[in-house]
Amino acid sequence: MSTAPTIGMAIPERQHYCNEVQQMLYNASLWNGHRIHFDMPYATEVEGYPGLVVAGPLMGDWLHQVVDEWLGDAGIITGIEYSNRIAAYVGDTVTAGGTITAYDESTGQVTLEVFVKNERDEILTPGVVTARLTLAS
Amino acid sequence: MSSLLSEDVLSHIGKQSEPRREIVTRRDIRKYAVATDNRQAKYLEGDVAPPLFHLHLFWEVVPLDELSPDGVSIDSLLPKFPLEKAMAGGLDITYHKPIKPGDWLTATRTLTDIYEKAGRSGPLIFYEVLMEVRDDDNKMVVTEKTTRILR
C-alpha cells in the first residue's frame, strides 16, 4: 500500500484472462467436475451457455486478490460478502477492482466495495471486503 | 404459508454434516495459488494460504461413479427440492485466523435455513449453509455462510 486509505479512493485494478488451462487446473484443485467448465458441447448444447463457464468461486478469489495485493504486508482481509450475478466465459478478459467506502484510523478497519467486471463493463461479481490494517501509520 | 416447501423438506433445517478433518500442505497451497492466477510470493511458495483456500481444502472428494451425469457432486446435506435449476448464490465469509502448512483443520457444515420468495418469473427457493472451520485447539479459523437460490 503506497498511500493511506481515503474514502472514495480506487485501488489498482487487476485483469485476468480466462483461459482453458487455468480453468482446468482451478477446478481440478477443488475437485470440481462440473462439465460446464470444460465440456464445450455439454456447456453449449445441453445447458445453452455461449461457452465454457468460468467457475464462480474463482471470480470470488479475484475479488480477494485485488484487495490483498493492495494491502500487501500492511494488512489482512477479515471478511467478504459477494455474489455471482453474471457468468464469465473462457476467452473473456475480466477486471477486478474496488473503492474504499469506510476507514477507521483508530482500529485500522477498512471497507471496500469490490467488483469483477467484463469487457462490456457489466458487473459480474459485486462484493464488499473488510480488512484490518496492521501497520497503520 | 409456504406453497412449495413441504414439512418434510423444512425438517432438514438444522441438519449437520459429519465433521471433516484435513491437513494443509505447502503443495496444496502452491497449486491453489497458481491455479487462481495469484502473484504474491508468500502464497506461491506456500508459506501461508490465501483467503478462500478453505474452499479447496473442503470441497468434497467424491468417487467418480457418485457424481451426477453433469459432473456435479450431490450434497448429502440437502433434501430433494421441488425446484432444481440453480441460480446465482452469495457468500458471506469471516476470516478469524490465517491458515498455514501443517495445520489440521476440521469443517462442519449445517443447513441453517430454507425459505421461499416470490420472484419476477415464479417462486424461488433459498437455502443457507453455514460452514465452520476450526483448528485442533477448537479455535475458529473461517466461518462461511452460503446462500443459494433455486428456480
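Please treat every number below as a calculation from the coordinates, not as lab data. Just so it is clear, the model here is predicted, and its values are computed rather than measured. Glycine gets a Cβ as well: all are built from the backbone with ideal geometry, and neighbour counts include every protein chain shown.
One residue alone among A:L58, A:L63, A:L25 is within 7 Å of another protein chain (Cβ to nearest Cβ) and within 23 Å of B:T147 (Cα to Cα), and that residue is A:L58.
B:G90 passes every criterion in (1) more than 9 Å from chain A (Cβ to nearest Cβ); (2) of a type outside the set (A, V, I, L, M, F, W, C); (3) in a strand (DSSP E or B) apart from (1).
Among the candidates A:L30, A:L112, A:L25, A:L58, single out the residue that is in contact with a Leu (Cβ under 7 Å, 6 or more places away or on another chain) and not charged (D, E, K, R). I'd like the intermediate steps shown before the answer.
Details: A:L112 fails: in contact with a Leu (Cβ under 7 Å, 6 or more places away or on another chain); A:L25 fails: in contact with a Leu (Cβ under 7 Å, 6 or more places away or on another chain); A:L58 fails: in contact with a Leu (Cβ under 7 Å, 6 or more places away or on another chain).
Going through A:L30, A:L112, A:L25, A:L58 in turn, just one is in contact with a Leu (Cβ under 7 Å, 6 or more places away or on another chain) and not charged (D, E, K, R): A:L30.
Taking each residue of the range A:43-62 that is under 13 Å from A:Y89 (Cβ atoms) and looking for partners that are surrounded by fewer than 16 Cβ atoms within 10 Å (Cβ to Cβ) and aliphatic (A, V, I, L, M) with beta-carbon atoms closer than 8 Å, six or more apart or interchain, yields A:G51/A:M40; A:L52/A:M40; A:G56/B:A88. The residue that is nearest to A:E69 (Cα to Cα), among those in the range B:21-40 that are touching a helix residue (DSSP H, G or I) at 6+ places or on another chain (Cβ under 6 Å) and either of a type in the set (F, W, Y) or outside any loop (DSSP other than H, G, I, E, B) (or both), is B:A33. From the list B:Y115, B:Y95, B:Y127, the lone residue that is under 24 Å from A:P126 (Cα atoms) and within 14 Å of another protein chain (Cβ to nearest Cβ) is B:Y95. Here B:P82 meets the list (1) crowded, with 20+ Cβ neighbours inside 10 Å; (2) touching a residue at least 40 places away in the same chain (Cβ under 8 Å); (3) not in a strand (DSSP E or B) almost entirely, failing just condition (1).
Each row is one residue, and each column tells you yes or no for (1) of a type in the set (V, I, T); (2) touching a Phe, Trp or Tyr at 6+ places or on another chain (Cβ under 7 Å); (3) closer than 23 Å to B:P50 by Cα.
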position	(1), (2), (3)
A:Q15	no, no, yes
A:V21	yes, no, yes
A:W31	no, yes, yes
A:I36	yes, yes, no
A:A43	no, yes, no
A:G48	no, no, no
A:M59	no, no, yes
A:L63	no, yes, yes
A:A102	no, no, no
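Would you confirm whether or not the range B:15-35 contains a residue that is under 30 Å from A:E45 (Cβ atoms), crowded, with 16+ Cβ neighbours inside 10 Å and within 11 Å of another protein chain (Cβ to nearest Cβ)? Walk me through how you get there before you give the answer.
If we filter the range B:15-35 for residues that are under 30 Å from A:E45 (Cβ atoms), which is where we start, we get B:35.
With crowded, with 16+ Cβ neighbours inside 10 Å added as a condition, the list becomes B:35.
Next, only the ones that are within 11 Å of another protein chain (Cβ to nearest Cβ) stay: B:35.
Yes - at least one qualifying residue is present in the range B:15-35.
Within the range B:15-58, track down each residue that is among the acidic types (D, E), free of Cβ contacts under 8 Å to residues at least 40 places away in the same chain and more than 19 Å from B:V129 (Cα to Cα). Working first, answer last.
The initial filter retains those residues of the range B:15-58 that are among the acidic types (D, E), namely B:18, B:22, B:28, B:37, B:45, B:47.
Cutting the leftovers down to free of Cβ contacts under 8 Å to residues at least 40 places away in the same chain gives us B:18, B:28, B:37, B:45.
If the condition is that a residue be among the acidic types (D, E), free of Cβ contacts under 8 Å to residues at least 40 places away in the same chain and more than 19 Å from B:V129 (Cα to Cα), then B:D28, B:D37, B:E45 are the ones that fit.
Only residues that are assigned to a strand (DSSP E or B), closer than 26 Å to B:F58 by Cα and not basic (K, R) were counted in the range B:106-142, giving 22.
Exactly one residue among B:F53, B:F58 is touching a strand residue (DSSP E or B) at 6+ places or on another chain (Cβ under 6 Å), within 10 Å of chain A (Cβ to nearest Cβ) and more than 22 Å from B:L124 (Cβ to Cβ), and that residue is B:F58. Of the residues making up the range A:75-94, those that are in contact (Cβ under 8 Å) with a residue 60 or more places away in the chain and either more than 13 Å from every other protein chain (Cβ to nearest Cβ) or among the basic types (K, R) (or both) are A:Y89, A:V90, A:G91, A:D92.
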